[in-house]
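Visitor: Structure in structure tokens, see below.
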Amino acid sequence: MNTLVRSLVTACIAIMLASPSASASAASKSKTLYSSAAAKLHSNDTQGAIADYTKAIEQNPRDTYAYLRRGIIKATIGDTLGAMTDFTKVIEIDPKNAQGYSNRGIQKEQNGAIKSAIDDYTKAIDLNPKYSVAYINRGNAKTQALDFNGAIADYTKAIDLNPKSTLAINNRATAKGLLGDKEGAIADYKKSARLNDPDAKAWLTEKGLPLK
């Protein structure tokens, strides 16, 4: 298992369940559209959900919640440019929006702009030092840049903030393995397996290693 998993902050993606916060006024004005978009997503109608968030933006061009959610959906269907545009708009409206920076970093990384992605993740962390998702994402980018020690440090920080994050633990195991620290990688996979992570269990089983 050497695939790195990125953490896009959303309630509709199963990687990391955390939804961007909407202001009370925006939620009140666009409640019907938000509910409609959620229902359409539940039915896998991504284009319908995008249309609803677009209507919410037309009603309130400064609705960062709608831009975030629309960007996330665009990212899941492979519209990297559209997602990046939406996350950039979030940052323009709210320069202190850590989620906007972290999510935009993912799109940059997928386009091969690793250094720029790391800059976005670092900005997200500067804005919110307890943002464990941004540490995971920056660790992934550092791994892509072959900075395995830097990646391990970021994953470790994410684990300090969220000790039950098997995503961070597994990705740290990957980085340790790439660095040649076989025992450290095995220890992390066992730690993740104790948290009932299926990927860690599968890796250990495949290698003929005990789960504990």
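Visitor: If L161 satisfies all but one of (1) touching a helix residue (DSSP H, G or I) at 6+ places or on another chain (Cβ under 9 Å); (2) without any contact (Cβ under 8 Å) to a residue 12 or more places away in the chain; (3) more than 30 Å from P61 (Cβ to Cβ), what's the number of the condition it fails?
Guide: With (1) touching a helix residue (DSSP H, G or I) at 6+ places or on another chain (Cβ under 9 Å); (2) without any contact (Cβ under 8 Å) to a residue 12 or more places away in the chain; (3) more than 30 Å from P61 (Cβ to Cβ) applied to L161, the lone miss is (2).
Visitor: Among the numbered criteria (1) of a type in the set (A, V, I, L, M, F, W, C); (2) crowded, with 19+ Cβ neighbours inside 10 Å; (3) modelled with pLDDT of 90 or more, which single criterion is violated by A26?
Guide: Going through the list (1) of a type in the set (A, V, I, L, M, F, W, C); (2) crowded, with 19+ Cβ neighbours inside 10 Å; (3) modelled with pLDDT of 90 or more, A26 breaks only (3).
Visitor: Which residue out of D63, D79 is touching a residue at least 12 places away in the same chain (Cβ under 8 Å) and of a type in the set (D, E)?
Guide: So the residue among D63, D79 that is touching a residue at least 12 places away in the same chain (Cβ under 8 Å) and of a type in the set (D, E) is D63.
Visitor: Pick out the one residue from R172, R194 that is farther than 30 Å from D86 by Cβ, over 13 Å from the mean Cα position of the chain (by Cα) and surrounded by fewer than 16 Cβ atoms within 10 Å (Cβ to Cβ). Write out each step before concluding.
Guide: On the way: R172 fails: surrounded by fewer than 16 Cβ atoms within 10 Å (Cβ to Cβ).
Testing whether each residue is farther than 30 Å from D86 by Cβ, over 13 Å from the mean Cα position of the chain (by Cα) and surrounded by fewer than 16 Cβ atoms within 10 Å (Cβ to Cβ) leaves just R194.
Visitor: Mind listing just one residue for me: the one in the range 123-161 that is of a type in the set (G, A, S), within 22 Å of T88 (Cβ to Cβ) and in contact with a Ser or Thr (Cβ under 9 Å, 6 or more places away or on another chain) and, of those, surrounded by the fewest Cβ atoms within 10 Å (Cβ to Cβ)?
Guide: Among those residues, the one meeting the criterion is A124.
Visitor: Only one of I114, I136, I118 is in contact (Cβ under 8 Å) with a residue 24 or more places away in the chain and over 15 Å from the mean Cα position of the chain (by Cα); which?
Guide: Values: I136 fails: over 15 Å from the mean Cα position of the chain (by Cα); I118 fails: over 15 Å from the mean Cα position of the chain (by Cα).
Result of the check over I114, I136, I118: I114.
Visitor: Being part of a loop (DSSP other than H, G, I, E, B) and out of contact with any Phe, Trp or Tyr (no Cβ under 9 Å at 6 or more places or on another chain) is the filter; apply it to the range 60-94 and report the residue that is farthest from A39 (Cα to Cα).
Guide: D94
Visitor: While we're here: Among the numbered criteria (1) closer than 24 Å to R138 by Cα; (2) loosely packed, with under 14 Cβ neighbours inside 10 Å; (3) more than 20 Å from the chain's Cα centre (by Cα), which one does A185 miss?
Guide: Evaluating A185 over (1) closer than 24 Å to R138 by Cα; (2) loosely packed, with under 14 Cβ neighbours inside 10 Å; (3) more than 20 Å from the chain's Cα centre (by Cα) leaves (2) as the failure.
Visitor: Tell me which residues, restricted to the range 62-77, are surrounded by fewer than 24 Cβ atoms within 10 Å (Cβ to Cβ) and either over 16 Å from T46 (Cβ atoms) or among the polar types (S, T, N, Q) (or both).
Guide: Listed by number, the residues that qualify are R62, Y65, T76.
Visitor: Within the range 107-119, work out how many residues are in contact with a Ser or Thr (Cβ under 8 Å, 6 or more places away or on another chain) and surrounded by 24 or more Cβ atoms within 10 Å (Cβ to Cβ). I'd like the intermediate steps shown before the answer.
Guide: Of the range 107-119, the ones in contact with a Ser or Thr (Cβ under 8 Å, 6 or more places away or on another chain) are 107-108, 110-111.
Keeping just the survivors that are surrounded by 24 or more Cβ atoms within 10 Å (Cβ to Cβ) gives 107.
Looking only at that region, the number is 1.
Visitor: Continuing with this model, one more query. If E109 meets every condition in (1) acidic (D, E); (2) over 30 Å from L179 (Cα atoms); (3) in contact (Cβ under 8 Å) with a residue 24 or more places away in the chain apart from one, which number is that one?
Guide: (2)
The values are calculated or read from the model by the stated rules, or taken from the named source; none is laboratory data. These figures come from a predicted structure and were not determined experimentally. Cβ atoms come from the backbone with ideal geometry, glycine included; neighbour counts cover every protein chain shown.
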